[in-house]
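What follows is a single structure, written as structure tokens, with notes after it.
The values are calculated or read from the model by the stated rules, or taken from the named source; none is laboratory data. None of the values given here were measured: they were computed from a predicted structure. Note that each Cβ is placed from the backbone with ideal geometry, even for glycine, and that neighbours are counted across all protein chains shown. Note: accessible area is taken over every heavy atom of the protein model, side chains too, but ligands, DNA and RNA are not part of it. Shrake-Rupley method; radii C 1.70, N 1.55, O 1.52, S 1.80 Å.
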Amino acid sequence: MFVFFTLKSVCSPPTRRTQLARILAGAALAVCASGAAFAQAPEKITALASSGLAWTPLTINGGIARYGTGWFDPPAGMRGPIKQDPDHPLRGNETRRPTPALGNWKDPILKPWAAEQMRRSNEELLAGKVGIPFLAQSQCWPGGVPGQLLWTTEPVYFIQTPTQVWMIWQRDQWVRRIVMTDQHSESPKPSWYGESIGRYENGALIVDTIGLAANQHGYIDMFRTPHTEKLHVVERFKVTADDKFLEALVKIEDEDTFNEPMYMTKRWRRDPNVWFESICAENNIDPFNSNLVPVPQAETPDF
């Protein structure tokens, strides 16, 4: 439960540098310009935002995530994520001899249409029709939910306010907004990131997402596992007791794609980081003629 109160502003107008520092620190938790602040009782707010710090994605062994780093297994007793086809072992960039991500389309959790789509995608790679597997963010496409959590190498930041939590990736400045409420709208319009609502519970940020568009290039993992607009995702973000790591437990349900719920985990490390402007679409070319999916282009102007 949140308790809100109003404070009279005692701050002078912030400079541009101060404004930037506040944004990166999630300083809307204690804002002067609006005259509003809040305290929470009895539930403690999970502190995900830190000035000058970011969350670096990790491999299962604690290194910085690279190509080949997918979802981690969930706790025992939970159905885990789709894995690499056992007939074609996966080697990531750390091996200096990476192999393509080929999902196990024979996994019994998949509905027939999804298995067939993944099989055809694998065949295109094995036959050389496509040289490099599609990864959304590498080609400047949104990663969607929960796929965006898999972006490697570059960090993610959080901004926390009483009404919203923002996740901002350094890569192309992708922004995902989580509204702090307990009820979805009646008919959310399908979109890349859907409609996410959140709450704090037992020291964790719980995020519930529906309204996810079934886009042509919208997948839940690096194996190009598809979904329908019935996809329902629940994420539990929690900082470890030593305040050094962020862990996410993700549950996905889609009765038209999967035969049962699927669970997976992901991990980040809190690191000092200077925010760099990372623009994806500049110099994004296909030097090896790998028949890559083109970067997205707007068909109409924004204004």
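Quick look at the values:
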quantity: Any chance GLN170 is without any contact (Cβ under 8 Å) to a residue 40 or more places away in the chain and among the polar types (S, T, N, Q); calculated: no
quantity: Matching option when the condition is open to solvent by 90 Å² or more (accessible area, probe 1.4 Å), hydrophobic (A, V, I, L, M, F, W, C), modelled with pLDDT of 75 or more and part of a loop (DSSP other than H, G, I, E, B), among ILE45, ILE60; calculated: ILE60
quantity: Subset of segment 246-261 (residues that are touching a residue at least 40 places away in the same chain (Cβ under 8 Å) and open to solvent by 70 Å² or more (accessible area, probe 1.4 Å)); calculated: ASN259, GLU260
quantity: Filter result for LEU135 (of a type in the set (A, V, I, L, M, F, W, C) and open to solvent by less than 30 Å² (accessible area, probe 1.4 Å)); calculated: no
quantity: Count of segment 189-202 residues which are farther than 29 Å from GLY68 by Cβ, touching a strand residue (DSSP E or B) at 6+ places or on another chain (Cβ under 6 Å) and either in a loop (DSSP other than H, G, I, E, B) or open to solvent by less than 40 Å² (accessible area, probe 1.4 Å) (or both); calculated: 2
quantity: Some residue of segment 125-143 being among the β-branched types (Val, Ile, Thr) and either at pLDDT 90 or above or not in a loop (DSSP other than H, G, I, E, B) (or both); calculated: no
quantity: Every residue from segment 173-182 that is without any contact (Cβ under 8 Å) to a residue 60 or more places away in the chain and over 16 Å from GLU235 (Cα atoms); calculated: TRP174, VAL175
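Quick grid of which residues meet (1) hydrophobic (A, V, I, L, M, F, W, C); (2) within 22 Å of LEU48 (Cα to Cα); (3) out of contact with any His (no Cβ under 7 Å at 6 or more places or on another chain); (4) buried (at least 21 other Cβ atoms within 10 Å of the Cβ):
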position: VAL207; (1), (2), (3), (4): yes, yes, yes, yes
position: HIS217; (1), (2), (3), (4): no, no, yes, no
position: LEU231; (1), (2), (3), (4): yes, no, yes, yes
position: LYS238; (1), (2), (3), (4): no, yes, yes, no
position: LYS244; (1), (2), (3), (4): no, yes, yes, no
